């Protein structure tokens with residue numbers, strides 16, 4: 001599980017902006033896993049994975065065919081995950097309100113500044129997945145997270161700039 005989480009994080013760090021459908025699919029998978037645990041309680045591993053897979057596939061399909069809807073859903077899920085993770089890293093017990101506020105901020109950011117918000121959100125989400133896979137209780141988790149976010153933003157920003165130069 002940790003290997004998949006880390007690999008997903010790396011993909012989001014590097015290609016989150018370029019492959020929007022994958023960004024939404026990976027976040028859908030993560031949200032499905034978490035939701036299944038909350039809704040169904042302790043279940044066999046395959047049940048949780050099946051729920052995550054279904055949510056991930058639905059997210060990827062929405063991103064491919066209904067981009068505006070997927071932007072809203074992806075922004076909300078990413079914003080919620082990031083808000084919850086940051087709250088936990090600060091040592092607070094997050095509640096539903098934190099997830100809701102983070103989700104709303106994620107939606108607004110993606111609609112207003114799609115390319116840059118997607119770069120930032122996918123970099124932060126990717127770094128979050130990697131830190132979760134490594135164990136967020138490491139004394140260097142915050143520093144590593146910041147370095148990963150910065151690296152993801154720089155890498156994806158270069159992709160964006162190169163692609164825009166090719167359009168002109």
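Take every pair of alpha-carbon atoms less than 8 Å apart whose residues are at least six positions apart; their mean separation over the length of the chain yields a relative contact order of 31 percent.
Between 14, 105, 39, the residue with the greatest mean-square fluctuation in the GNM of the chain (Cα pairs under 10 Å linked by springs) is 39. Which distance in nm do the two modelled labels at residue 35 and residue 93 give, with both placed 7 Å along the Cα-to-Cβ direction? It is 2.5 nm.
In the elastic network of the chain, a GNM with C-alpha springs shorter than 10 Å, the most mobile of 74, 95, 52 is 95.
In plain terms, the chain from residue 164 to residue 115 could stretch by 16.5 nm, reckoned as 0.36 nm per residue minus the Cα-Cα distance.
Using 0.36 nm per residue of separation minus the Cα-Cα distance, give me the extension gain between residue 147 and residue 43 in nm, one decimal.
Numbers: separation 104, 0.36 × 104 = 37.44 nm, distance 3.54 nm.
33.9 nm is the gain from fully extending residue 147 to residue 43.
Taking the chain as a Gaussian network of alpha-carbon nodes connected by springs under 10 Å, the highest mean-square fluctuation of the residues 32, 102, 41 belongs to 41.
Where a number appears in this text, it was derived from the coordinates with a stated rule and is not lab data. Small disclaimer: the values here were computed from a predicted structure and weren't measured. FYI the Cβ positions are ideal-geometry reconstructions off the backbone, even for glycines, and counts take in every protein chain you see.
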